[in-house]
1. Given H placed 1.01 Å from N in the peptide plane, which residues other than close sequence neighbours of Glu28 have an amide H under 5 Å from its amide H?
2. Please provide three numbers in whole Å: the alpha-carbon extents of the range 4-189 along the principal axes, with the largest listed first.
3. Would you pull out the residues with amide H under 5 Å of Thr224's amide H, same chain only if 5 or more places away, H placed 1.01 Å from N?
4. Check Lys157: other-chain or 5+ apart residues with amide H under 5 Å from its amide H, H built from backbone geometry?
5. Which three extents, in whole angstrom, do the alpha-carbon atoms of the range 115-181 cover along their principal axes, largest first?
6. Can you tally the net charge around Ile80? Count Lys and Arg as +1, Asp and Glu as -1, for every other residue whose Cβ sits under 9 Å from the Cβ of Ile80.
7. Could you give the size of the charge dipole of the range 73-146 about its Cα centre, using +1 on the Cβ of each K and R and -1 on the Cβ of each D and E, expressed in debye and rounded to the nearest 20?
8. Starting from the Kirkwood radius over alpha-carbon pairs of the range 183-230, derive D by Stokes-Einstein at 4 °C in a medium of 1.567 mPa s and give it in µm² s⁻¹.
Amino acid sequence: MPNPRTFQIQEISAHPGPVPGAGTRREEEVCKYIDVTTCIGCKACEVACVEWNEHPFRETTFNDTYQTMPTTEWNYYNLIKFVEDQRDESNFMWLLRKDQCMHCEDPGCLRACPADGAIIKFENGIVDFQQENCIGCGYCISGCPFDIPKFHPKTNKVYKCTLCSDRVGQGLEPACVKACPTGCLKFGTKSDMVQIAGLRAKQLQEISGFADAGVYNPASIGGTHVIYVLHDAKNPQRYGLPANPVIPPSYTIWKWLAKPVGLWMGLLGILAIFMHRVSVGPRMPQPEDPPVVTEHPDPVEARRKEQP
């Protein structure tokens, strides 16, 4: 496989006009498969992610749970979430879910980003951040329906999981997949992973008694390049996943309606100024009004007029 920086780029944040070189080569779409039913919460994927990305190990946060910390951070892209799920007194389950960037087919972070080239989406599905072009506005954070990108206050940049684009570019699987000891993580083409996930969900329905088992690959954002097999796919909220993730309308309206309309209105204003100058001419300086002279009355003449 080629170096990740030579992947065919499909979209670029805030980039006007066509994408340079678009359509010259089609990369195979990649996908990460996560089976929450076989995750044991060992956190090997967390450690592998930190080590591969050369992030400093940080203090963990104890919050009455086995989670390493409450949420992902700018230097902690991958987090196993421990969800205590208790439907009734006799039915308790640990729902363990690997939380990281979903690499959406229609990425909300890219839609919201105003910086040219700060976020790019490759044709193989990887959504990558280019921190050297990031302006630190944080719009990508509010544009993500999964609350994934995180801001680093010292560098004023935003960071997230890159799906190990550097490893994938050399034909390797992501570091977290390499480290997983149970096989709950797999990596391959999108079509293969969707097929494997469907077979696993069917197995859970028929053999394990999870009638609502299924695949989480939300169509509301065009699908994702990280998919889950869930015990209860009808209620992904149990795992901390949105049932119907969508990009905030404010970003889609701005990018596709308000921004073009505002641009055209600005161009029309410039055209109106030009036409006025051509037809009427430039505004000439107006002559100044002559000074008003106030005559002071002669006191002798004034007294003469007052006499009868």
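Quick note: the coordinates plus some simple rules give every number you see, no bench work behind them. Keep in mind it's a predicted model, so treat the numbers as computed, not measured. Note that each Cβ is placed from the backbone with ideal geometry, even for glycine, and that neighbours are counted across all protein chains shown.
1. none
2. Dimensions of the range 4-189 along the principal axes of its Cα atoms: 59, 35, 33 Å.
3. Glu105
4. Under 5 Å from the amide H of Lys157 lie the amide H atoms of His152, each far enough along the sequence or on another chain.
5. 37, 25, 24
6. Values: positive: Lys43, Lys81, Arg97, Lys98; negative: Glu46, Asp99.
Taking every other residue near Ile80 into account, the sum is +2.
7. Details: 6 positive and 12 negative charges, 7 e Å.
Result for the range 73-146 is approximately 40 debye, rounded to the nearest 20.
8. Working: Rh = 11.2 Å.
Answer from the Stokes-Einstein relation: 116 µm²/s.
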